Amino acid sequence: DLQVTLPNVGWLALISPQKIGTLASGETAKISLLLKPATDLPLGPYSGNFAVSGSNGGVSIGFKFNAISDQFGSLRVIANDEFSFFADDHPNVTDATATLTDAVDGHVVFEEMTDATGVVFKDNIPEGHYNLEVKAYKHSTYREPVLIVAGQVQEIKAFMRRQMVTY
């Protein structure tokens with residue numbers, strides 16, 4: 001008399017029957033889950049377990065789902081250093097490399113050099129959580145988590161300390 005027990009979350013349901021019945025040795029059963037996240041469910045990873053149990057035993061089965069969005073936002077990265085504030089012409093850092101990676105699986109969304117004004121602008125980034133890293137020659141590395149929100153431009157001023165002395 002095997003049956004499936006799901007965690008008490010509103011975004012997960014069972015498509016296959018809750019009662020599986022009895023399985024002979026080596027026999028299998030397919031369990032189908034339905035993901036139905038609400039529009040206000042926070043984006044990001046969700047993990048947990050569901051159980052398949054009977055009168056003489058059971059098993060816990062782990063899952064991990066990532067709530068993503070089909071909406072897009074934009075990111076503007078402004079690379080600056082001490083000269084951006086104290087030099088007469090207030091230059092941003094050109095030839096800095098901005099790398100945006102997915103916070104959940106780590107894949108690179110984009111890697112791009114700043115333009116002549118020290119800016120990288122990317123449009124049509126899927127809404128979600130990311131990690132930003134900005135590097136430039138003879139500068140410290142800037143790192144920050146970034147949330148891209150649908151329909152908005154997230155502006156990041158990436159301050160990298162200038163490394164004037166080496167030894």
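The values are calculated or read from the model by the stated rules, or taken from the named source; none is laboratory data. Quantities reported herein were computed from a predicted structural model and do not represent experimental measurements. Cβ coordinates were reconstructed from backbone atoms using ideal geometry, including for glycine residues, and neighbour counts include every protein chain displayed. These accessible areas exclude ligands, DNA and RNA; they are computed on the full protein's heavy atoms, side chains included. Shrake-Rupley method; radii C 1.70, N 1.55, O 1.52, S 1.80 Å.
Charge dipole of the range 42-125 (Cα centre as origin; +1 on each Lys and Arg Cβ, -1 on each Asp and Glu Cβ, all else neutral): 760 debye, rounded to the nearest 20.
Per residue, the chain exposes an accessible area of 65 Å² to a 1.4 Å probe, with every protein chain left in place. For the Cα trace of the range 3-80, dividing Rg by the Kirkwood Rh returns an Rg/Rh value of 1.19. Counted without the sites themselves, the longest stretch of the chain free of trypsin sites (Lys or Arg not before Pro) in a DSSP loop having at most 13 other beta carbon atoms within 10 Å is 31-137. All other residues whose Cβ lies under 15 angstrom from that of Pro37 are scored, Lys and Arg at +1 and Asp and Glu at -1, for a net of -1.
Along the range 103-110 the Karplus relation, 6.51 cos²θ - 1.76 cosθ + 1.60 evaluated at θ = phi - 60°, assigns HN-Hα couplings of 5, 8, 9, x, 5, 7, 7, 7 Hz to successive residues, with x for each Gly and Pro.
With a cut-off of 8 Å between alpha carbons and a minimum separation of six or more residues, what is the relative contact order of the chain in percent? So the answer I get is 20 percent.
Rounded to the nearest 20 debye, the dipole magnitude of the chain is 580 debye, with +1 charges on Lys and Arg beta carbons, -1 on Asp and Glu beta carbons, and the Cα centre as origin. Between the alpha-carbon centres of the range 123-148 and the range 45-84 there is a gap of 19 Å.
Each Lys or Arg adds one and each Asp or Glu subtracts one; over the other residues with Cβ under 14 Å from the Cβ of Leu14, this totals +3. Principal axis extents of the C-alpha atoms in the range 1-133 (largest first, rounded to whole Å): 79, 28, 20.
Ranked by the mean number of other Cβ atoms within 10 Å of their residues, highest first, the peptides 105-113, 148-156 fall in the order 148-156, 105-113. Neighbours of Ser84, meaning other residues whose beta-carbon lies under 12 angstrom from its beta-carbon, give a summed charge of -1 when Lys and Arg score +1 and Asp and Glu score -1. In whole angstrom, the range 60-167 maps to an equivalent ellipsoid with semi-axes of 31, 16, 10, each derived as √(5λ) from the alpha carbon gyration tensor and ordered largest first.
Each Lys and Arg adds +1 at its Cβ and each Asp and Glu adds -1 at its Cβ; summed about the Cα centre, the range 1-87 shows a dipole of about 300 debye.
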